[in-house]
Amino acid sequence: RVHGAAGMDMSRVKFAWCAEEITKNAEAYWTQALDVARRFTLARIRKCCQIMGRHENSLTGAQILYPVMQCTDIFFLKADVCQLGVDQKKVNMLAREYCDFAGIKLKPVILSHHMLYGLLPGQAKMSKSNPDSAIFMEDTKEDVERKIMNAHCPKEPEKDDGKAEQDGEDSLQIIKDPLKNPCLDYVKNIILSTPGAKFVTEKKTYTDFENVKSDFLSGVLSENQLKKGIISCINELLEPVRKHFKENEFARDVLEKVKEFKKESTNTTQPKTFKSLKIEGTENCSVVFAPFPSTTLSVGHVLNIISTLQRAPKSNPLILWIPNWSAVVNNVFDGSLKVIDAAYSFLIETLKFVAPELMERVKVVHQKDAILQNNSGDYWISVINAGRHFPVSRICEIDPTKENAGFVIGSLMHVADIVSLRPALVFSTDGHLSKLHQLAVDFLNHSSSLSGAPKVPELKVEKHIVTDLLIGAENDETKREILMNDQAADVKKKINRSFCEPSNVEVCPPLILAEHLGFTNSKFSISRKEENGGNKDYSTIADLRSDFASGALHPGDLKPSVIKVVDQFVQKVRDHSKDAKMKTIDAILSAYIKKLEKK
């Protein structure tokens, strides 16, 4: 309405509502956004952020998400030319850098435009929180006069204390301007910005800005005369807009609503109603989050998930949450959703093969599908609201080694996951996941007074099952862990090499494997020669540990029995290795591993 009333030709203008466009194309948009986030460090994204937050180390998570979304918008809109204020130059340049990372040959052209100074002293640009820092299109004649007459109007450059450069204000100047006079700025970039324009004062009519500036600095044109001329010209420009919003009923109603919204926004600091995605069938559930996948799937990894799922009460729906989009933004498998989904499919199929009865009561929910099958916009509002609440420093406490922007976004998504699931219980064995769960609980506690806010879930941290056969002596997981695709010879070789000191029950991987796999048929059998004590069946892990601690059971007799039960466990997966689905999974993961080896 403003643009049309101001005289713009609207016949070739299309207004696209961001929320609507993103929601209609959620998969394409957020896939792109996650890819942008995973490719940049936090340090690089910080350079695009607001001046105050960046230098006071008080950036919120939302201020990291914002430039990621701005960058995504450029590619989502397929923009060839980006025309924005110079304050957006750094995020526009981020888009050009992204093209290099993503192999996009045609980069967007960046046209950065001058930013008007704020009307008050020390303002490199207008302040949204201070209405007197700029002239607005709905301002009355009285507003314009008050603002311009009170405007900062120096004749000499202010003393440079280095603060402007430190705060990045100098980067907002396309042409160096030490004077930074907002009144002259309005004359140059508004009043005399169009061909044939005139600036009329009570003394003189100007068509060239440099003459205005020269006369003002020399005293020929007084500050009062300059400001009176600006008031007259600005009001002349605004009069058609005022007339439209006064005489057009629809425009008048819109303006009144905007004014009401402004009043409401000044009376509250946060929304009164909690808005979030609600995933059907998960409220009051018990949820276990699958950890991010790797190129290998160990027996220990599977045992931890099974053990955690078994501890969930049978009275609640039981959810295994597959955070595949979060894995993308955290750059797992170089952000390849295809490989991530293949690795998660291997995990899910393995769980079905080795624990079929348990998996009958487990509902597997893939994060990406759950978001897209529901109102995805509500999910991302939760991400944004969590981001507004948490400073980046709080999120980085979860893992100080993470330097990627995707880690911040992924952590906020974890909060939104729990908000959307609305669980009663959240389980974990992993320290990293426990910290993410706590982040969600902190957010829900903060939001508990809002209408519609979910109940704060109870966090259950289960003991992590450690199956590292070599106790940290080897970094290569394929050598220190039994893998779910190991052959019988591999299982035997690894367990025979495993750490297993006589009588040491505190650190003994074979005992741990025996505990979790040896008593599935109620007893664990040891086969040995008569001179070594003969065969013996154990009905409890306590008895087995007692004999091992006393020396009655030697590592050489324990290991063969452990090899047997572990191999039987892995064989359940081997039996299905020729299934079409498993062959497809194997082909995808093998291709990725080969690609890594070539790098």
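The values are calculated or read from the model by the stated rules, or taken from the named source; none is laboratory data. Bear in mind the structure is a predicted one, so any value in this text is a computation, not a measurement. Please note that ligands, DNA and RNA were not included when accessible areas were found on the heavy atoms of the full protein model with its side chains. Shrake-Rupley method; radii C 1.70, N 1.55, O 1.52, S 1.80 Å.
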Query raised in the report: How large is log10 I(q)/I(0) at q = 0.09, 0.11, 0.16, 0.19 Å⁻¹ when the Debye formula is applied to the Cα atoms of region 1-146, each weighted equally and without solvent?
Result: -0.37, -0.55, -1.08, -1.30
Query raised in the report: Lys107: which aspartates and glutamates have alpha carbons under 17 Å from its alpha carbon, excluding same-chain residues fewer than 8 sequence positions away?
Result: Asp35, Asp73, Asp80, Glu97
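Once you have the Kirkwood Rh of region 340-466 from its Cα pairs, apply Stokes-Einstein at 37 °C and 0.692 mPa s and quote D in µm²/s. Can you show the working numbers first?
Numbers: Rh = 16.1 Å.
It comes out at roughly 203 µm²/s.
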Query raised in the report: Setting aside same-chain residues fewer than 8 positions from Lys227, which lysines have a Cα under 16 Å from its Cα?
Result: Lys141, Lys147, Lys155, Lys180, Lys188, Lys198, Lys203, Lys204, Lys213
**Report entry** Answer label, with Cα Rg over 2.2 N^0.38 Å calculated from the coordinates and candidates (i) 1.04; (ii) 1.77; (iii) 1.30
**Finding:** (iii)
Report task. Over every pair of different alpha-carbon atoms in region 479-526, take the mean of 1/r and invert it; report that Kirkwood radius in Å. Result -> 11.9 Å
Query - Count of Lys pairs (Cα-Cα under 26 Å; at least 8 positions apart or interchain) in region 305-428 - result: 9
Query raised in the report: How big is the accessible area of Asp177 in square angstrom, nearest 10, if you roll a 1.4 angstrom probe over the protein chains?
Result: 40 Å²
Query raised in the report: Any idea what log10 I(q)/I(0) is at q = 0.19, 0.24, 0.28 Å⁻¹ for region 79-124, Debye with uniform C-alpha scatterers and no solvent?
Result: -0.62, -0.81, -0.98
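Please give the direction-averaged projected area of the C-alpha convex hull for region 396-532, in square nanometres with one decimal.
Details: hull surface 51.5 nm².
Computing the convex hull of the Cα atoms and averaging its projections yields 12.9 nm².
Ignoring ligands, DNA and RNA, what percent of the accessible area of region 546-594 is carbon or sulfur (1.4 Å)? Don't jump to the answer; show the numbers that get you there.
Details: 1400 of 2520 Å².
Carbon plus sulfur share of accessible area: 56 percent.
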**Report entry** Bins of 5 Å, starting at 0 and running to the largest distance - Cα pair percent for region 451-599
**Finding:** 1, 8, 15, 17, 16, 13, 9, 7, 6, 4, 2, 1, 0, 0, 0
Query raised in the report: Any idea of Arg311's accessible area? Nearest 10 Å², probe 1.4 Å.
Result: 130 Å²
Report summary line: Everything considered on the Cα gyration tensor (a ≥ b ≥ c; rounded for a/c under 1.5, else prolate if a/b is larger than b/c, else oblate), region 343-392 must be described as prolate
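With a ≥ b ≥ c the root eigenvalues of the C-alpha gyration tensor of region 192-256, is it rounded (a/c under 1.5), prolate (a/b larger than b/c) or oblate? Please report the intermediate quantities before stating the final value.
Working: a/c = 3.96, a/b = 2.62, b/c = 1.51.
It is prolate, given that a/c is not under 1.5 and a/b is the larger ratio.
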Requested in this report: Multiply the residue gap between Asp476 and Val505 by 0.36 nm, knock off their C-alpha separation, and tell me the result in nm, one decimal place.
Outcome: 8.0 nm
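Would you kindly state how much longer the chain becomes between Lys204 and Ala6 on full extension, computed as 0.36 nm times their sequence separation minus their alpha carbon distance, in nm to one decimal?
Working: separation 198, 0.36 × 198 = 71.28 nm, distance 2.64 nm.
Contour length minus Cα-Cα distance gives 68.6 nm.
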Query raised in the report: So what's the gap between the Cα centers of region 504-532 and region 226-251, to the nearest angstrom?
Result: 87 Å
Query - Protein accessible area in region 443-494, 1.4 Å probe - carbon and sulfur % - result: 47 percent
Report summary line: Stretched fully, the stretch from His464 through Ala591 gains (0.36 nm per residue minus C-alpha distance, one decimal, in nm) 42.6 nm
Query raised in the report: On the accessible surface of region 283-352, probed at 1.4 Å, how many percent belong to carbon and sulfur atoms?
Result: 46 percent
Query - Average accessible area per residue (Å²) across region 62-213 - probe 1.4 Å, nucleic acids and ligands excluded - result: 57 Å²
Query raised in the report: Hey, what angle do you get for helix 61-76 against the long axis of the chain, alpha-carbon based, 0 to 90 degrees rounded to 10?
Result: 80 degrees
Query - For region 262-421: accessible area per residue (Å², 1.4 Å) - result: 39 Å²
Query raised in the report: What's the percent breakdown of Cα-Cα distances in region 267-360 across 10 Å bins, shortest bin first?
Result: 14, 37, 30, 12, 5, 1
